[in-house]
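*Asks:* Please find one structure pasted underneath; my questions will follow.
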Amino acid sequence: VGVKLWMPAMGHGSSPVNVAHAVDQGGANVPGVFKATNVYFVMPGDWDVHVQLKNGSKVVEETVEKVTI
């Protein structure tokens, strides 16, 4: 799983988003659940949040959610 932030109006993204398996209170991975950290929208405006499913480094599925900050 990957997450990328992109600001179309300015032609740039933000710092890389870290994605890791979510863990339960015992520290075990929660199947199918991931946690994104280091999510920084560096300025107000319209952003695209790309959520990617990957097989290794290859993106096999992607959805884009539009947000306004």
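*Asks:* Could you list, in sequence order, all residues of the range 32-45 that are farther than 14 Å from ILE69 by Cα and either among the aliphatic types (A, V, I, L, M) or touching a residue at least 12 places away in the same chain (Cβ under 8 Å) (or both)? Walk me through how you get there before you give the answer.
*Replies:* Pass one, the range 32-45, residues farther than 14 Å from ILE69 by Cα: 32-38.
Within the range 32-45, VAL33, PHE34, LYS35, ALA36, THR37, ASN38 meet the criteria.
*Asks:* If you check LYS4, LYS35, LYS54, which single one turns out to be at pLDDT below 95 and at negative phi?
*Replies:* On the way: LYS4 fails: at pLDDT below 95; LYS35 fails: at pLDDT below 95.
Being at pLDDT below 95 and at negative phi holds for just one of LYS4, LYS35, LYS54, which is LYS54.
*Asks:* Is there any pair with a first residue in the range 46-62 that is under 17 Å from PHE34 (Cα atoms) and in contact (Cβ under 8 Å) with a residue 12 or more places away in the chain and a second that is of a type in the set (Asp, Glu) and surrounded by fewer than 12 Cβ atoms within 10 Å (Cβ to Cβ) whose Cβ atoms are under 8 Å apart and which are 6 or more apart or on different chains, and what are they?
*Replies:* Taking only residues 6 or more apart or on different chains, the pairs are VAL49/GLU65; VAL51/GLU65; GLN52/GLU61; LEU53/GLU61.
*Asks:* Something else: Would you please name the residue that is farthest from THR68 (Cα to Cα), looking only at residues in the range 1-31 that are of a type in the set (S, T, N, Q) and part of a strand (DSSP E or B)?
*Replies:* Residue satisfying both the conditions and the ranking: ASN29.
Quick grid of which residues meet (1) charged (D, E, K, R); (2) closer than 17 Å to MET7 by Cα; (3) touching a Gly at 6+ places or on another chain (Cβ under 7 Å):
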{"site": "ALA28", "(1), (2), (3)": "no, no, no"}
{"site": "PRO31", "(1), (2), (3)": "no, no, no"}
{"site": "ALA36", "(1), (2), (3)": "no, no, no"}
{"site": "TYR40", "(1), (2), (3)": "no, yes, no"}
{"site": "ASP48", "(1), (2), (3)": "yes, yes, no"}
{"site": "LEU53", "(1), (2), (3)": "no, no, no"}
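*Asks:* Could you count how many residues in the range 32-59 are of a type in the set (Gly, Ala, Ser), exposed (fewer than 13 other Cβ atoms within 10 Å of the Cβ) and assigned to a strand (DSSP E or B)? If you could, list the steps in order and put the result at the bottom.
*Replies:* If we filter the range 32-59 for residues that are of a type in the set (Gly, Ala, Ser), which is where we start, we get 32, 36, 45, 56-57.
Imposing the further condition that a residue be exposed (fewer than 13 other Cβ atoms within 10 Å of the Cβ) reduces the set to 32, 56-57.
The next check asks that each one be assigned to a strand (DSSP E or B); those that pass are 32.
Residues flagged as of a type in the set (Gly, Ala, Ser), exposed (fewer than 13 other Cβ atoms within 10 Å of the Cβ) and assigned to a strand (DSSP E or B) within the range 32-59 amount to 1.
The values are calculated or read from the model by the stated rules, or taken from the named source; none is laboratory data. Everything numeric in this text was worked out from a predicted model, so none of it was measured. Glycine gets a Cβ as well: all are built from the backbone with ideal geometry, and neighbour counts include every protein chain shown.
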